[in-house]
Amino acid sequence: LLSRENNHVVRAAQSSEQSENDDFVLEDVPHLTNFLPDLPSYPNPLQKSQAYAIVKQTFVSPEDVVAQKIVTRKDSARGVHFRRAGPQEKVYFKSEEARACIVTCGGLCPGINTVIREIVCGLNYMYGVEDILGIEGGYRGFYSKNTIKLTPKVVNDIHKRGGTFLRTSRGGHDTQKIVDNIQDREINQVYIIGGDGTQKGAALIYEEVERRGLKVAVAGIPKTIDNDIAVIDKSFGFNTAVEEAQRAINAAHVEVESVENGVGVVKLMGRYSGFIAMYATLANRDVDCCLIPESPFYLEGKGGLFEFIEERLKENGHLVIVVAEGAGQEYVAAEMHAAEQKDASGNRLLLDVGLWLTHKIKDHFTNVRKMTINMKYIDPTYMIRAIPSNASDNIYCTLLAHSAVHGAMAGYTGFTVGPVNSRHSYIPISRVTERQNTVSLTDRMWARLLASTNQPSFVISDALLQERVDRETIEEINNKKINSI
Ligand code: ATP
Ligand code: MG
């Protein structure tokens with residue numbers, strides 16, 4: 001590594017090892033994380049820490065990168081590379097000079113409190129940083145002067161609770177006012193926990209900080225319970241959500257099993273992508289049919305949902321349907337004639353597909369088929385969002401928080417953290433919001449689900465399948481539009 005000029009890693013020459021692997025070229029890679037002006041010059045306090053003294057390969061080199069693709073065909077590129085996360089030998093901030101703040105924005109998700117706790121404890125225990133501020137109530141907390149001093153003692157038990165200790169809000173992002181406030185308070189590390197909207201706001205803060213020439217590290221920790229960030233392996237809270245969803249599905253199953261012609265409908269999260277519904281279904285085995293936004297379905301006629309329900313009722317006497325909140329929105333919107341509504345952040349508000357679906361099924365069987373059915377509708381979405389994270393997510397949140405702390409201390413900025421091919425990495429903020437991950441209908445996982453539930457694929461012909469694959473692409477474009485609101 002020769003220098004960090006222009007935010008690009010510049011190398012003298014490729015080593016012999018690398019020349020054997022031609023697709024691995026590090027020069028001129030603008031997707032690598034940005035850093036603050038000047039090189040980090042202070043020794044990392046971790047050198048004196050017992051924990052790190054026993055680890056053989058203690059520090060991560062700024063040259064260590066993680067490739068986005070590990071399965072490639074001969075001669076095909078490995079995709080983009082990201083910096084590997086971890087503590088570095090030199091740090092940018094002296095312990096006593098670091099002044100950090102943490103803010104949480106957007107909806108709730110299991111694990112936010114663990115991330116807050118581990119940023120505070122990580123900064124304090126690993127780097128001796130004592131000056132840590134909690135900004136309360138989301139972005140507007142920066143300028144409405146609501147802050148709380150955070151110490152390991154204050155945050156000690158918060159991971160056992162759901163929600164966010166710092167509270168949250170939608171709307172209210174004012175880049176100028178926020179950066180003015182960061183400047184006034186002499187904050188030099190900003191940790192921002194939140195979803196796609198929050199990370200777009202974080203990118204604006206980073207740009208403004210850079211424009212003003214401030215030496216402030218901006219670190220984002222991406223939050224999405226839906227697991228819809230394309231670049232990282234998975235998002236925190238997803239695992240907990242899939243696990244908690246089992247309780248709702250099991251309850252629905254117990255209910256419908258106990259009555260005649262029981263039909264259970266469970267609505268799960270998933271505005272634009274059906275990962276929670278898909279994984280919760282795959283985990284459960286009592287689900288007869290899973291409906292997700294990516295897979296259009298139809299009710300009437302051959303191969304439709306009504307026919308399938310009737311078959312299962314004849315066969316088993318009951319059935320359970322899992323529906324992601326974003327599924328079938330086109331039908332619901334058309335029939336409810338509802339005007340499009342938006343929340344304070346400008347996100348489109350979805351109509352309740354669960355209520356719509358239960359109504360349609362009940363109407364069809366009662367009035368058309370003249371059958372008595374017992375409908376049970378469960379909407380556990382808020383109950384799932386509000387619980388604390390499970391063991392696996394707790395560990396994951398700790399790693400995310402530590403990565404963010406190591407990155408900011410090393411002087412990286414404008415970055416988010418997350419595992420890429422199971423290696424924790426620093427990812428430029430713009431990369432996590434540029435594309436939303438959705439379930440691909442031509443992917444193996446969806447095929448596994450269809451094989452597991454034996455539900456209709458709602459595909460009539462190859463031509464229709466092609467149309468749906470095209471539609472996936474259109475939806476991707478639409479998602480981008482929605483995200484840029
Ligand atoms: P989630 O969707 O998972 O609940 P989110 O972070 O996307 O989380 P939003 O309510 O959309 O939630 O946004 C959170 C915060 O980010 C709000 O304070 C909002 O003002 C701000 N924000 C949203 N979109 C943008 C944007 N495009 N530019 C700047 N700020 C934004
Ligand atoms: Mg959002």
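From the list V66, V129, V71, V60, which one is in a strand (DSSP E or B), farther than 15 Å from A219 by Cα and either β-branched (V, I, T) or within 16 Å of ligand 1 (Cβ to nearest atom) (or both)?
Only one candidate passes the filter, namely V66.
Could you list all residues from region 204-220 that are more than 11 Å from ligand 1 (Cβ to nearest atom) and either closer than 18 Å to N347 by Cα or among the hydrophobic types (A, V, I, L, M, F, W, C) (or both)?
Within region 204-220, V209, L214, V216, A217, V218, A219 qualify.
For the list (1) assigned to a helix (DSSP H, G or I); (2) out of contact with any Pro (no Cβ under 9 Å at 6 or more places or on another chain); (3) of a type outside the set (S, T, N, Q); (4) more than 9 Å from ligand 1 (Cβ to nearest atom), I need the number of the one condition that G201 fails.
If we test G201 against (1) assigned to a helix (DSSP H, G or I); (2) out of contact with any Pro (no Cβ under 9 Å at 6 or more places or on another chain); (3) of a type outside the set (S, T, N, Q); (4) more than 9 Å from ligand 1 (Cβ to nearest atom), just (4) comes out false.
Consider only pairs whose beta carbons are under 8 Å apart and that are at least six residues apart or on different chains; among these, list those whose first residue lies in region 271-284 and is within 16 Å of I321 (Cβ to Cβ) and whose second residue is assigned to a loop (DSSP other than H, G, I, E, B) and charged (D, E, K, R).
Close Cβ pairs satisfying both conditions: G274/E294; I276/D226.
With the requirement that a residue be more than 30 Å from M409 (Cβ to Cβ), over 16 Å from the mean Cα position of the chain (by Cα) and buried (at least 24 other Cβ atoms within 10 Å of the Cβ), what does region 212-248 give you?
A245
Taking the condition of being hydroxyl-bearing (S, T, Y) and either without any contact (Cβ under 8 Å) to a residue 24 or more places away in the chain or within 18 Å of R117 (Cα to Cα) (or both), how many residues in region 212-228 meet it?
Of the residues in that region, 0 qualify.
Checking the conditions here, which among T114, T164 is touching a Ser or Thr at 6+ places or on another chain (Cβ under 8 Å), surrounded by 20 or more Cβ atoms within 10 Å (Cβ to Cβ), of a type in the set (S, T, Y) and assigned to a loop (DSSP other than H, G, I, E, B)?
Just one listed residue meets the conditions, T164.
Regarding S389, is this residue more than 25 Å from G270 (Cα to Cα), buried (at least 24 other Cβ atoms within 10 Å of the Cβ) and either in contact with a Gly (Cβ under 8 Å, 6 or more places away or on another chain) or among the small types (G, A, S) (or both)?
Here the answer is no, as S389 does not meet what is asked.
Identify, by number, the condition in (1) within 19 Å of I221 (Cα to Cα); (2) without any contact (Cβ under 8 Å) to a residue 12 or more places away in the chain; (3) not small (G, A, S) that K370 doesn't meet.
So K370 meets the others, but not (1).
Any idea which of (1) of a type in the set (S, T, Y); (2) surrounded by 15 or more Cβ atoms within 10 Å (Cβ to Cβ); (3) at pLDDT below 95 is the one S440 doesn't satisfy?
The failed condition is (2).
Out of curiosity, is A277 within 16 Å of the chain's Cα centre (by Cα) and modelled with pLDDT of 95 or more?
Answer is yes for this residue.
Every residue, every condition in (1) modelled with pLDDT of 95 or more; (2) farther than 21 Å from I429 by Cα; (3) hydrophobic (A, V, I, L, M, F, W, C); (4) crowded, with 24+ Cβ neighbours inside 10 Å, yes or no:
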{"position": "H159", "(1), (2), (3), (4)": "yes, yes, no, no"}
{"position": "S169", "(1), (2), (3), (4)": "yes, no, no, no"}
{"position": "K177", "(1), (2), (3), (4)": "yes, no, no, no"}
{"position": "D184", "(1), (2), (3), (4)": "yes, yes, no, no"}
{"position": "T198", "(1), (2), (3), (4)": "yes, no, no, yes"}
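Can you tell me which condition T281 does not meet? The list is (1) touching a strand residue (DSSP E or B) at 6+ places or on another chain (Cβ under 6 Å); (2) part of a loop (DSSP other than H, G, I, E, B), and all the others hold.
(2)
Kindly establish whether E136 is of a type in the set (D, E), within 22 Å of E186 (Cα to Cα) and either within 26 Å of the chain's Cα centre (by Cα) or modelled with pLDDT under 95 (or both).
Spelling it out, E136 is indeed of a type in the set (D, E), within 22 Å of E186 (Cα to Cα) and either within 26 Å of the chain's Cα centre (by Cα) or modelled with pLDDT under 95 (or both).
Conditions (1) closer than 24 Å to Y382 by Cα; (2) surrounded by fewer than 19 Cβ atoms within 10 Å (Cβ to Cβ); (3) at pLDDT below 95, marked per residue:
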position: F297; (1), (2), (3): no, no, yes
position: E300; (1), (2), (3): no, yes, yes
position: G303; (1), (2), (3): no, yes, yes
position: V322; (1), (2), (3): yes, no, no
position: E325; (1), (2), (3): yes, no, no
position: V332; (1), (2), (3): yes, no, yes
position: H337; (1), (2), (3): no, yes, yes
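Residues in region 286-295: is at least one touching a residue at least 24 places away in the same chain (Cβ under 8 Å), in contact with a strand residue (DSSP E or B) (Cβ under 7 Å, 6 or more places away or on another chain), aliphatic (A, V, I, L, M) and assigned to a helix (DSSP H, G or I)?
No, region 286-295 contains no residue that is touching a residue at least 24 places away in the same chain (Cβ under 8 Å), in contact with a strand residue (DSSP E or B) (Cβ under 7 Å, 6 or more places away or on another chain), aliphatic (A, V, I, L, M) and assigned to a helix (DSSP H, G or I).
The values are calculated or read from the model by the stated rules, or taken from the named source; none is laboratory data. The model shown is predicted, which means the values in this text are computed figures rather than measured ones. Note that we place each Cβ from the backbone using ideal geometry, even for glycine, and neighbour counts take in every protein chain shown.
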